[in-house]
Amino acid sequence: MIYCMTYGAEGYLYSVDVQTGAWAVVTGLDEYDGAGLLYDPQGQLLITTGAFSRPGEIRIFGLDGSFSSMFIPTTAFPGLTDLFDYGNEHGPPLTPLSYSDGWLLLEALARRSSANRGAGGYRLYAVQISTREVRLLRFSDN
């Protein structure tokens, strides 16, 4: 099975059966724009992170119909505001990389531009889903 999501408007999570090519709607996103999608096979979860001005809006969808949502402010991610002109532009999305034992691994990459003092910057975070604790694991300001 391949899982994907649409961007803009209502938004949907879809599944595609790779053997038959059959598509199915997993759930609607209620106008949520996701920047990243991660499938956790152990928990059978689809984990999304928010796009544009809401990178810390994390939604978790179970294939059984369950749903949870949380919002972690940009300023709760150490060093994230160094990657963009905070207050004047949207920050980079937090891309989900892995999920294990309640911890979500997220990556942020600065957009490259001549005006961005953090161009090429990188942050790797771990977020404890149950407590919303954020840990900076690795960073670069190249």
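Report which label in (i) 32, 18, 12; (ii) 61, 13, 12; (iii) 28, 17, 14 holds the value of semi-axes √(5λ) of the Cα gyration tensor in Å derived from the coordinates of this structure.
(iii)
What percentage of the solvent-accessible surface of the range 1-96, computed with a 1.4 Å probe over protein heavy atoms, is contributed by carbon and sulfur atoms?
50
Quick check: residue separation of D17 and E89 times 0.36 nm, minus the Cα distance between them. What number comes out in nm?
22.0 nm
Can you give the FRET efficiency to the nearest 0.05 for N142 and F71, using r as the Cβ-Cβ distance and R₀ = 35 Å?
FRET efficiency, N142 to F71: 0.75.
How high is the relative contact order of the chain, in percent, counting Cα pairs under 8 Å that sit 6 or more residues apart?
Result for the chain is 14 percent.
Where only protein heavy atoms count, and the probe is 1.4 Å, what is the accessible area per residue for the range 31-108 in Å²?
46
Note down the accessible area of V25, probe 1.4 Å, to the nearest 10 Å².
90
Return the distance in nm (one decimal) between the two label points of a simple spin-label model at W103 and Q128, each offset 7 Å from Cα along Cα→Cβ.
That separation, rounded to one decimal, is 1.1 nm.
The values are calculated or read from the model by the stated rules, or taken from the named source; none is laboratory data. Computed from a predicted structure; not experimentally measured. Using ideal geometry, Cβ is built from the backbone for each residue, glycine included, and neighbour counts are taken over all protein chains shown. With ligands, DNA and RNA removed, areas are computed over all heavy atoms of the protein, side chains included. Shrake-Rupley method; radii C 1.70, N 1.55, O 1.52, S 1.80 Å.
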